[in-house]
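Each remark here refers to the structure printed beneath this line.
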Amino acid sequence: MATKPSAQPFLSDVKELRRRARLHIERGAVTDGYGGDVEQTIEILQSVLATEIVCVLRYTMHAIAGAGIDSEAVKDEFAQHAKEEQEHMMMVAERISQLGGTPNFNPDGLASRSASEYGKAGTLVDMIKENLIAERIAVEHYLELVRFFADKDSTTRVMLEGILAQEEEHASDMHDLLVAHEGKPFLPS
Ligand SMILES: [Fe+2]
Ligand SMILES: [Fe+2]
């Protein structure tokens, strides 16, 4: 028995792709194939952007203000993290722009848009603890977002997966610093 050719091919043919790409060129990178809700994605990414900005600010302050015995090596680690948080910030801002939004860098309301906190640590150990907590918030938040975007917006998901992997490294680095300081695992297993 001959199989009937499927009326709807799995992939669009090239002519159809070319036709659709010419429609709505004002939408830039956002095509009819975009599986998410663009406005909602932009809103979510504005909160991720705020989270990253707060992380840049906190680590930068710690890299400069941290003091005490062995503080130089710890401050170097803070400075490295500040640089990586800034890279995350830029990636997220670029993605918002690709989707047709304007990245919100407005300091007004920044703390409330952000998932993580700026903190108020005075000692080096408290700084490490605050960073660890902030990283754990980011990890939890981005894990949820990776699941949320799934295949609705794979570009945003892949970007967040990359950032997530680095936040996990950051959390692990902060945990190692605490272990080195306290001589025992800080977090219950
Ligand atoms: Fe980050
Ligand atoms: Fe981080």
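Laboratory data are not the source of any read-out in this text; all were calculated from the coordinates shown. Predicted model only: the values in this text are computed from it and were never measured. All Cβ positions, even for glycine, are placed from backbone atoms using ideal geometry, and neighbour counts span all protein chains on display.
Label-to-label distance, Glu117 versus Gln40, with points set 7 angstrom from Cα along the beta-carbon direction: 3.0 nm. Our helix-only sum for the chain, with -39,500 (n - 2.57) per DSSP H run of n ≥ 4 divided by its residues, gives a mean residue ellipticity at 222 nm of -22500 deg cm²/dmol. Between Ala73 and Glu182, the contour length at 0.36 nm per residue exceeds the Cα-Cα span by 37.6 nm. Lysine pair count for the chain (Cα-Cα distance under 26 Å; residues 8 or more apart in sequence or on different chains): 11. Sequentially through the range 44-58, phi angles give Karplus couplings (6.51, -1.76, 1.60; θ = phi - 60°) of 4, 5, 5, 6, 5, 4, 4, 4, 5, 4, 4, 5, 4, 5, 5 Hz, Gly and Pro residues having no value and appearing as x. The ranking of Met90, Met127, Met61 from fewest to most other beta carbons within 10 Å of each one's beta carbon is Met90, Met61, Met127. Of the residues Leu145, Ala121, Phe78, the one whose Cα sits farthest towards the positive end of the charge dipole of the chain is Leu145 (charges of +1 on Lys and Arg Cβ, -1 on Asp and Glu Cβ, taken about the Cα centre).
Count charges around Val56 for me, please; just the other residues with Cβ under 12 Å from its Cβ, Lys/Arg as +1, Asp/Glu as -1. Cβ neighbours under 12 Å give a net charge of -2. The spread of Cα positions in the range 3-102, taken along each principal axis and listed from longest to shortest, comes to 76, 33, 19 Å.
Note on Met90 and Thr102: the model spin-label points, each 7 Å out from Cα along the C-beta direction, lie 2.3 nm apart. The long axis of helix 71-98 is offset from the longest Cα principal axis of the chain by roughly 20 degrees.
Here the residues Phe10, Phe148, Phe78, ranked from fewest to most Cβ neighbours within 10 Å of their Cβ, fall in the order Phe10, Phe148, Phe78. With bins 10 Å wide starting at 0, give me the P(r) of the chain over every alpha carbon pair, in whole percents. Values per bin, smallest distances first: 9, 31, 26, 16, 9, 6, 2, 1, 0.
Among Ile137, Ile96, Ile64, Ile69, the ranking by other beta carbons within 10 Å of each residue's beta carbon, starting with the fewest, stands as Ile69, Ile64, Ile137, Ile96. Each pair of Cα atoms in the range 101-182 enters the Kirkwood radius, and Stokes-Einstein at 20 °C and 1.002 mPa s then converts it into a translational diffusion coefficient of 150 µm²/s.
Here the range 1-102 is assigned +1 on the Cβ of each Lys and Arg and -1 on the Cβ of each Asp and Glu. Its dipole about the Cα centre then comes out at about 840 debye.
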